[in-house]
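Written below as C-alpha cells is the structure these notes are about.
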C-alpha cells in the first residue's frame, strides 16, 4: 500500500511506514537478532519465557513474531553457562562487573572483586561470596615472552621497550607511573591496553603492508584478518581482541565473497558469536564500550566529500564525536568518570598510535636495519610528548554516576533522535 505526501508543488509517493519497517528488518536481520539475543541475556530466565510463549501463539499469523523466540534463546544460553560445571572442580570466578561474580557451576553472587577471572579460596553464604584469597588468572604464551625479549635487546631507549610491549603485547606493568598518569588524565589510557582499537589498527597496518604484495583488495583484507587472528591467538585471545577479530573476519569474508553486507549486520553477527562463547561478556564494560562506540560510528557517521579538509579533519572529528556520544554514558556508569577532551585529543593521539604500531611491526620485520629502530624511537617520543603537553591543559574530567536505566534510556533517545534527524535531512534534500 502507498500513501501520498504533498511536498511543495508535487506529491511524493512512498510505501506505508510498516512496509518500510519490514524492509528495514529484512535488511538488518542479523543485527536485530543480536539485539534480541543480548536482551535475553539481560532478562531473567523466567521473564524470557513470556515472549517465547507469545511467539509460539502469535507466529501462526505473522512470522515476524518468531523474532520473539530469540530473547528466550539468549536467556537459556546464559542460564546454561552459569549453571554448567561440577561441584568437584576448582572454584573459578568470573567478574563481569564489580558487585557481581559468576561461579561456574554454582550461580551468581555478590563480590568486591574488580572485573576479571579469578581463582579464589572462600565460601558462599546466602547470596554473598566470602573471599579469603583471590588470584587473578593471567596467561602469557611462550611466543609473547620470546617477542618481549627480542624487543628488549634491540630498542634504542627503555621507553620504546615499555611502549611497544604495552601496545603490541598488552604488558604495561613496567610502564613509568608518570606516563600512565598522563595518559589517564587526558582520557587516552585505553590506548595503552590491548583493545579493539589496537586490533583495528593492526588490521590496517597488515592491509597497508600487504598492498605492496597483493593488488586485490578482497584477498588483502582476508589475509590481514588471518594475521590478526594469529596475533589474537599469540596473546591468548583477550575478550576485546576476540570481539574485534570476529568483526574484521566477518567483514573480510563478506568482501571475499563479494557480498554487499551492511556493517551493522557484521557487528551484530560478531556480537552473537562473542556471546555464544561467553555470555557473561555482556556485563563487561569493555564489551559494552566497544560495541556501543562501533554502533555509534556506523549509525551516525557519514563520510563527507573527497577534499583534504573532510578526509583529514572533519571526518576524524565526526568519528570521535560519534563514538564519544555512545560511550560516555557507559563510562560514567562503570567508572563514574569521563573525559570530554578526548573528542579533540583523539584526533592527534590515535593517528600517532597507529604510526607507533606501524613502526613497531616494521621494526620486528626489519630488525636488522638500525634506522627502523631509530624511527620507532622518534614516533614513541612524539606520542609521549604530545600526551605530556595535553596533560598540562586545565581540562578536568567529568565525575558523576549514571544508573543503567538512565544509560539505556539515553541511548534509545539518542538513536531515535539521529534517525529522525537523518529522515528530516533526507526530506529536505528532495
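The values are calculated or read from the model by the stated rules, or taken from the named source; none is laboratory data. Not measured: the values here are computed from a predicted model. Heads up, the Cβs are rebuilt from the backbone with ideal geometry, glycines too, and the neighbour counts pull from every protein chain shown.
Some points to look at:
- Candidates are the residues of the stretch 167-199 that are without any contact (Cβ under 8 Å) to a residue 60 or more places away in the chain and either assigned to a loop (DSSP other than H, G, I, E, B) or touching a strand residue (DSSP E or B) at 6+ places or on another chain (Cβ under 7 Å) (or both); the one that is farthest from residue 231 (Cα to Cα) is 176.
- Hey, residue 353 in a loop (DSSP other than H, G, I, E, B) and in contact with a helix residue (DSSP H, G or I) (Cβ under 9 Å, 6 or more places away or on another chain) or not: no
- Only residues that are touching a residue at least 12 places away in the same chain (Cβ under 8 Å) and part of a loop (DSSP other than H, G, I, E, B) were counted across the stretch 388-414, and they come to 8.
This table checks each residue for (1) under 25 Å from residue 289 (Cβ atoms); (2) in contact with a strand residue (DSSP E or B) (Cβ under 8 Å, 6 or more places away or on another chain); (3) at pLDDT below 70; (4) assigned to a strand (DSSP E or B).
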site: 124; (1), (2), (3), (4): no, yes, no, yes
site: 140; (1), (2), (3), (4): yes, no, yes, no
site: 146; (1), (2), (3), (4): no, no, no, no
site: 154; (1), (2), (3), (4): no, no, no, no
site: 161; (1), (2), (3), (4): no, no, no, no
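- Against the numbered list (1) touching a helix residue (DSSP H, G or I) at 6+ places or on another chain (Cβ under 8 Å); (2) under 26 Å from residue 355 (Cβ atoms), residue 271 comes up short only at (2).
So that you can scan it fast, the table gives a plain yes or no per residue for (1) farther than 23 Å from residue 75 by Cα; (2) modelled with pLDDT under 80; (3) touching a strand residue (DSSP E or B) at 6+ places or on another chain (Cβ under 6 Å):
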position	(1), (2), (3)
263	yes, no, no
267	no, no, no
276	no, no, no
282	no, no, no
290	no, no, no
300	yes, no, no
310	yes, yes, no
315	yes, yes, no
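- Filtered residues of the stretch 148-166 (kept if free of Cβ contacts under 8 Å to residues at least 12 places away in the same chain and buried (at least 16 other Cβ atoms within 10 Å of the Cβ)): 161
- In the stretch 215-236, residue surrounded by the fewest Cβ atoms within 10 Å (Cβ to Cβ) [restricted to those that are in contact (Cβ under 8 Å) with a residue 12 or more places away in the chain and not in a helix (DSSP H, G or I)]: 236
- Going through (1) in contact (Cβ under 8 Å) with a residue 60 or more places away in the chain; (2) under 16 Å from the mean Cα position of the chain (by Cα); (3) surrounded by 21 or more Cβ atoms within 10 Å (Cβ to Cβ) one by one, residue 265 falls short only on (3).
- The residues listed here are 331, 393; of these, the one that is in the same structural domain as residue 159 (by TED's automatic domain parsing), modelled with pLDDT under 85 and surrounded by fewer than 16 Cβ atoms within 10 Å (Cβ to Cβ) is 393.
- Per the listing 207, 240, 252, the residue uniquely closer than 19 Å to residue 294 by Cα and at pLDDT 85 or above is 252.
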